[in-house]
1. Counting Lys and Arg as +1 and Asp and Glu as -1, what is the net charge of the other residues whose Cβ lies under 14 Å from the Cβ of ALA291?
2. Using only the Cα atoms of region 213-398, construct the convex hull and provide its projected area averaged over every direction, in square nanometres to one decimal.
Amino acid sequence: MPAVSRPAHGPMTALGNLLMALRREQVTQPDSPDHCSNVTRHRRLPNEVAQETHRQHCTRLIGARLLEGATDLADLVQGADKYLHKWTEPLSMKKKWSRNFGNAMHCYADYYSLRTLCGVEPIRRLTMFGAADGDEGIRSLVRSPSLPSDDTPLRPFSRGCLSALYCRRPHGTAKGACWGAFGYAHVLPALRSQFHNLLPAQLPMAGRSRPCGGPRGVGVVYMRCGDYLTVHQGHIMLRLDWLDGFAKAALAGVGHVIILSNQNSHGPTWAAPVCAAVISRMRRRLQRLLAPNGPHVSVRAEQSILQDLHCMTHAEVLIVASWGSSFGHWVSLLNTGCTVVMPYLRGVGSRDVGGKHLAPIAWRDGLHYVAARREQWVHVPDHNQSIWKDPHAVLKLLSPPVT
């Protein structure tokens, strides 16, 4: 009887490298700000769904990458360069930070994790909030490295490097895009530290010490609107009753609640009055829900992206009432508060527009995913564009009666 051939597990194969890394390194644990109490870190909210660890999520994606044909070390390391410039080359990074912060942050996190965890050397230094050395894009960020030798900085045998290289979506519109990558969990504390050290220099002096324009201890509810109302974008809007089941528990103890939304920017001009109507209805609904002894709820006038970031990332409680938003994703991970709530949609299938949120990943302590049932969200393209231009029609879709 002929011998059965077995896959090679030697040190020069991708599978061998993976096995060695798993044996040698500790698993990255979720992190959270040091000032949060254990009670706050580990409490559960109504309708909260169970989370999966970053390791569990990446195991599936790394396995898919290896099975797609990465058979040796060169395939693992050389795969890094193609993931960065496809979606970022046409845009100036300076403009991207101020207009498309979420996508810029995804690409910076991808770059930073490859540089830090794998030792991949950049041709030009990319910095948070802009590109150094006159670089106008991220083209050719990394060299195509060969097999490492003793005098190279490459570290491809580490768990972190394998995660940075291959923990990314292998299919759909996010394939190859920075926002389809998930390998930055190992460097998330460093990214958060960089962000909060560098952001103040981008802000007006008067607003640096008062992130939300008032005392600390505020809760912030963020709802992406504007561009989300355009049918061709393929986005999803949460209905306001999603907040009903958990907002009172999540916001307990804060002194003031602020609602933030892009009503006048990052979207067509016709969207502004529609968004204003939706946010006004949200404010009244939340105030009724939190009464009689709850905090006051107000709508904060829209500022620049970076000023709004400053407020949201310093909120004691942050509720992201939007799904599929890169901006909302990074606000949640960079937040220094103790409670962050994100939606987890039931019945969403594999819609690529929100691919980064298809799994409830335990990125950090204090993060909660609250389920949104199928009847609690609306796929914007399911309705004619004329519907989304009519404030009354939109309120009928998104604001069911309070039960």
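1. +4
2. The directionally averaged projection comes out at 9.6 nm².
Values in this text are rule-based calculations from the coordinates and carry no lab data. What you see is a predicted model; the values in this text were computed from it and never measured. Positions of Cβ are backbone-derived with ideal geometry, glycine not excepted, and every protein chain shown enters the neighbour counts.
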